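Everything on this sheet refers to the single structure shown next.
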Amino acid sequence: MANRTDPTARSVHGTNPQNLVEKILRSKIYQNTFWKEQCFGLTAETLVDKAMELDHFGGTFGGNRKATPFMCLILKMLQIQPEKEIVVEFIKNEDYKYVRILGAFYLRLVGKPTDVYHYLEPLYNDYRKIRRKNADGGYSLDHVDAFIDELLTKDYSCDIALPRVPKRWTLENTGALEPRRSALEDDFEEEEEEKEEEEPAPTGMEQAEYEKERRRSRSPMKEREREKDRDRDRYRDYRDRDRDRDRDRDRDRDRDRDRDRDRDYYRERERERDKERDLYRERDREKERDYYRRDRDRDRDRDRDRYRERDRRRISRSRSRSRERRDRDRDHRSLSPVDRRRRHRSPSPAPARRRRAEDDGPLEEGEHRVAKVEEEKKKKKDKKDRDKPEKNGHVSADGTDHPDPEIAEANRLRAALGLKPLRV
């Protein structure tokens, strides 16, 4: 497969070389169009042509964190693992600055600590400008020496965690690395020699003393002591700078930790307040529901009792009426026809009817006792009118109170049918 490491490649830091790049960034590179089109089938010789075409460097950029061509070539170098001589030639190339930083970055990932300091420290003298692609997709100005210092002093660069290398003074103390010699020391020695040449030559004893002091100052022992003092001062400067950097990093880490702790504390307190507020709201809501439920149940019970009482009175009243009707029918059947007519014409209402009117109790909704009273008054008046002919000795106009029972019965039937009474 195109994304597989070369079978002849050696493991780096005890793992597959491609694993030096994080899995997320590696998958981003595999999905990049530059990787699929330009990096397919590259070898150590043809990779130089692609490196010469670079015009910027960086890690990932944009909203979907797209990988730069610089990172694609770094992963390709980890995949094919070129020889050390080729990487050194990349670093020593002075014509193409991006080829130089490409080799320096690769050597920082896979190289030994001594090789990293030996080949990268001379690049401190390269002050050329380079373009860095930021995470937002824009560009920023940088320099080669600043990028080399970032590789040697920091643990993270171009979205890749760099392998840890010991401090330089540690390697110097163990003898694995020679003390660093600045490029300006040669200029300082040349200036000292020029000053010595410009001074007038002394005579006699002064010449002897001058030569003696000059030999002592230029003796190997004196030069070695001066070099040791210089290394000691340089080591002290490195140690102080590392200590200050570690102190600043610890201070920033503690500040971030305190800020996160305070944010978590306030967030948790707000969450507790919201829970208490929701609990109180739920309690109030439950109280209101219980209150409305009790009122509804109370009204329902009251209505149910009222309906039951009304139904009970209606049933009692209907039973009383049925009983009175049966009694009245039984009494009516037991009377003779004459007594029936006489009782039918009686002006006074039956005692049972009066008693029923008195026992009806309180009126229900929709009942009107006035209509009953008026009906009873009308019946009494009709009975009085029927009884008047018997007392006064003449017949009424409709002939219903004729002395002859058959004629009176016939007139009543005719009156019910709306016909004129029989003439008497």
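The values are calculated or read from the model by the stated rules, or taken from the named source; none is laboratory data. Note that the structure is predicted; figures quoted are calculated from it, not measured. No Cβ is skipped: glycine too gets one built from the backbone with ideal geometry, and neighbour counts run over all protein chains shown. For the accessible areas, the whole protein counts, side chains as well, though only heavy atoms, and no ligand, DNA or RNA atoms are used. Shrake-Rupley method; radii C 1.70, N 1.55, O 1.52, S 1.80 Å.
Applying the selection to the range 42-76, what residues are among the hydroxyl-bearing types (Ser, Thr, Tyr) and open to solvent by less than 50 Å² (accessible area, probe 1.4 Å)?
Within the range 42-76, THR60, THR68 qualify.
Which number in (1) at pLDDT 85 or above; (2) under 30 Å from HIS402 (Cβ atoms) marks the one condition that ARG304 misses?
Every condition holds for ARG304 apart from (2).
Cβ-Cβ distance below 6 Å, separation of 6 or more or different chains: which pairs start in the range 168-185 with a residue that is within 12 Å of HIS118 (Cβ to Cβ) and end on one that is assigned to a loop (DSSP other than H, G, I, E, B) and at pLDDT 75 or above?
What qualifies is LEU171/LEU177.
Out of contact with any strand residue (DSSP E or B) (no Cβ under 9 Å at 6 or more places or on another chain), among the polar types (S, T, N, Q), surrounded by fewer than 21 Cβ atoms within 10 Å (Cβ to Cβ) and on the phi < 0 side of the Ramachandran plot, is that true of ASN125?
yes
Return the residues of the range 48-80 that are touching a strand residue (DSSP E or B) at 6+ places or on another chain (Cβ under 8 Å), part of a loop (DSSP other than H, G, I, E, B) and not charged (D, E, K, R); say none if nothing qualifies.
HIS56, GLY59, THR68
Counting just the residues of the range 77-115 that are basic (Lys, Arg) and touching a residue at least 40 places away in the same chain (Cβ under 8 Å), which one comes out most open to solvent (accessible area, probe 1.4 Å)?
Filtering first and then ranking leaves LYS97.
So, in the range 1-36, of the ones that are among the β-branched types (Val, Ile, Thr) and surrounded by fewer than 14 Cβ atoms within 10 Å (Cβ to Cβ), which residue ends up farthest from the chain's Cα centre (by Cα)?
THR8
State which residue pairs qualify: first residue within 19 Å of LEU171 (Cα to Cα) and inside the range 235-252, second residue hydrophobic (A, V, I, L, M, F, W, C) in any location, beta carbons under 6 Å apart, and separation of 6 or more residues or different chains.
TYR235/TRP169; TYR238/TRP169
Can you tell me which residues in the range 150-174 are of a type outside the set (Lys, Arg), farther than 22 Å from ARG65 by Cα and open to solvent by 60 Å² or more (accessible area, probe 1.4 Å)?
TRP169, ASN173, THR174
Can you confirm whether CYS39 is open to solvent by less than 40 Å² (accessible area, probe 1.4 Å), part of a loop (DSSP other than H, G, I, E, B) and either farther than 18 Å from SER157 by Cβ or modelled with pLDDT of 90 or more (or both)?
When the stated conditions are applied, CYS39 passes them.
Would you confirm, using the coordinates I've provided, whether ARG131 is open to solvent by 30 Å² or more (accessible area, probe 1.4 Å) and part of a strand (DSSP E or B)?
Taking the combined requirement at face value, the residue satisfies it.
Filter the range 1-52 for residues that are of a type in the set (A, V, I, L, M) and in contact (Cβ under 8 Å) with a residue 60 or more places away in the chain and give the result.
Across the range 1-52, the qualifying residues are ALA9, VAL12, LEU20, VAL21, LEU25.
Considering only residues of the range 136-149 that are open to solvent by 50 Å² or more (accessible area, probe 1.4 Å) and over 24 Å from GLU172 (Cβ atoms), which is nearest to the chain's Cα centre (by Cα)?
Only one residue fits best here, namely ASP136.
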